[in-house]
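The values are calculated or read from the model by the stated rules, or taken from the named source; none is laboratory data. The structure presented is a predicted model; accordingly, all values stated were derived computationally and were not measured. Neighbour counts are summed over all protein chains in view; Cβ atoms, including those assigned to glycine, are modelled from backbone coordinates with ideal geometry. Keep in mind that these areas ignore ligands, DNA and RNA; they rest on the heavy atoms of the full protein, side chains included. Shrake-Rupley method; radii C 1.70, N 1.55, O 1.52, S 1.80 Å.
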Amino acid sequence: MERNLKNVLVISFGFLLLFTAYGGLQNLQSSLNSEEGLGVASLSVLYAALILSSMFLPPFLIKKLGCKWTITGSMCCYIAFSLGNFYASWYTLIPTSVILGLGGAPLWSAKCTYLTIAGNSYAEKAGKRGKDIINQYFGVFFLVFQSSGIWGNLISSLIFSQASNKVEIPEENLACCGAHDCMTDTANITVLEKPSNSLIYTLLGIYTGSGVLAVLLIILFLDQIKSDQAEAEKENLEAPSFWSTFLATFQQLKDKRQCLLIPLTMYSGLEQGFLSSDYTKTYVTCALGIHYVGYVMICFSAVNSLCSLLFGKISQFSGRKLLFALATVTNAACIIALLLWKPHPKQLAVFFVFPALWGLSDAVWQTQTNGLYGVLFEKHTEAAFANYRLWESFGFVIAFGYSTKLKVYIKLYILLSVLVLSMVMYGAVEYLETKSSPGTPTATKKVNVAPVTQESHM
């Protein structure tokens, strides 16, 4: 097997194991740790810490540790969160949420930097375009990674199904489901009773073991990756100061293209936050019961995973503009339909159509936006991907922050508005790129990366 592809697969399966655990835990926080809103509070703290991490840590850690050991250390932060859930309290979950948040941005930034360098390395040897190989690598990664939602939800569903206590939903409550939700505390009638401690500990043990396997996989099988820039930096002997790397994330905002991509990057967090918190609660749980949430999210993850691979491969033929247009039309149609639809248990198939279409759109937002960052900001990838995690996390914080404050239809209008703004700004980026290099040949274009002392969806 080609060495770079082997490394891509190692990272992909490492993230699969890690996020099988984290994704399942995130979806269960509001149910398992509902007392005094502990679960929701821990997620809010987690994403706030992730924002701070995005601002300060990724460029510094990647330059000091290299991508491999940044990924390894960051994964350990996720394991700490799993351990904190064994005895869930304000004194365990909040600190471990901070730890996870601090490790989140370096993890994703290091992953993106690694895949970008690996893509360039193979493209140079094979005489292909760097951006095409990078898109393919991100497609492979997200194919494997997005399936973590399938396994995480499936594991929790199988373990907790024996403790299910399904409740018949009255017609008057069904009338309150959907965009104009009128439910208050009665929305909780379909929430399952908390499972027994033995079932909870069994699930947490599986999740923790999955995280440990992810760390071992990276340590044992991921190669140190090097670039010409990294070697030059080592020979220079003058390590970059903390202050310079500290400012790198903010200095990236001097690039007009980075500023124009902020709405698109934030939208990625907003749309994911809406699906996992509002759609599952106001549509699925309200009309069908909480025992259907896992299956709905499995549908989303399965379509997302398959489309990630598909779009990663066809992007070199169709171009990213066509894929962004497809995602925009699909997502906008879903938002408008959700504004009009009155969910009812007799329309069971419809509950799965929306997450399937949402998964198709999210596959574009994830693969193509990541690839776009790698192509546009070829000389500052660490700072650029740190900005990606920063603004996506900000979108998550907003989505979770107003989740209990606004009606669903207002959130849908916000989503639609940000989507339109994102595409207008993205169009401006493409215009700037066309204007800056109208006649530049791209057949053998190589995407360079920032200096790194080599060997980042939450």
Worksheet item: Taking the stated definitions as given, is Leu412 within 18 Å of the chain's Cα centre (by Cα) and either under 30 Å from Asp132 (Cβ atoms) or crowded, with 17+ Cβ neighbours inside 10 Å (or both)?
Response: no
Worksheet entry | When residues of segment 51-60 are limited to those that are in contact with a helix residue (DSSP H, G or I) (Cβ under 7 Å, 6 or more places away or on another chain) and open to solvent by 30 Å² or more (accessible area, probe 1.4 Å), the one nearest to Ala126 (Cα to Cα) | Phe60
Worksheet item: Out of Ala48, Ala41, Ala21, Ala80, which single residue is assigned to a helix (DSSP H, G or I) and buried (at least 21 other Cβ atoms within 10 Å of the Cβ)?
Response: Ala21
Worksheet, complete the sentence: Of the residues in segment 130-149 that are of a type in the set (A, V, I, L, M) and out of contact with any Phe, Trp or Tyr (no Cβ under 9 Å at 6 or more places or on another chain), the one that is surrounded by the most Cβ atoms within 10 Å (Cβ to Cβ) is Ile134
Practice prompt. Kindly indicate whether Lys321 is out of contact with any strand residue (DSSP E or B) (no Cβ under 8 Å at 6 or more places or on another chain), within 16 Å of Gly371 (Cβ to Cβ) and open to solvent by 10 Å² or more (accessible area, probe 1.4 Å).
Written response: yes
Fill in: Test for Asn387: is it of a type in the set (S, T, N, Q), part of a helix (DSSP H, G or I) and farther than 18 Å from Ser308 by Cβ
yes
Item to complete: Assess whether Ala363 counts as being closer than 19 Å to Cys299 by Cα and surrounded by fewer than 24 Cβ atoms within 10 Å (Cβ to Cβ).
Response: no
Item to complete: With respect to Phe300, determine if the residue is assigned to a helix (DSSP H, G or I), modelled with pLDDT under 85 and under 30 Å from Leu376 (Cα atoms).
Response: no
Discussion item. Can you confirm whether Leu28 is modelled with pLDDT of 80 or more, of a type in the set (A, V, I, L, M, F, W, C), closer than 21 Å to Phe160 by Cα and open to solvent by 10 Å² or more (accessible area, probe 1.4 Å)?
Written reply: no
Practice prompt. Please list, ordered by first then second residue, the pairs with beta carbon atoms under 6 Å, 6 or more apart or interchain, first in segment 390-406 and over 13 Å from Leu46 (Cα atoms), second β-branched (Val, Ile, Thr) and open to solvent by less than 10 Å² (accessible area, probe 1.4 Å).
Written response: Trp391/Thr265; Glu392/Thr265
Worksheet item: Of all residues in segment 85-110, which are among the aromatic types (Phe, Trp, Tyr), open to solvent by 40 Å² or more (accessible area, probe 1.4 Å) and assigned to a helix (DSSP H, G or I)?
Response: Phe86, Tyr87
Discussion item. Any residue that is over 24 Å from Tyr373 (Cβ atoms), open to solvent by 40 Å² or more (accessible area, probe 1.4 Å) and at pLDDT 80 or above - is there at least one of those in segment 276-297?
Written reply: yes
Discussion item. Take Lys68 and tell me if it is within 23 Å of Ile218 (Cα to Cα), more than 21 Å from the chain's Cα centre (by Cα) and either aromatic (Phe, Trp, Tyr) or assigned to a helix (DSSP H, G or I) (or both).
Written reply: no
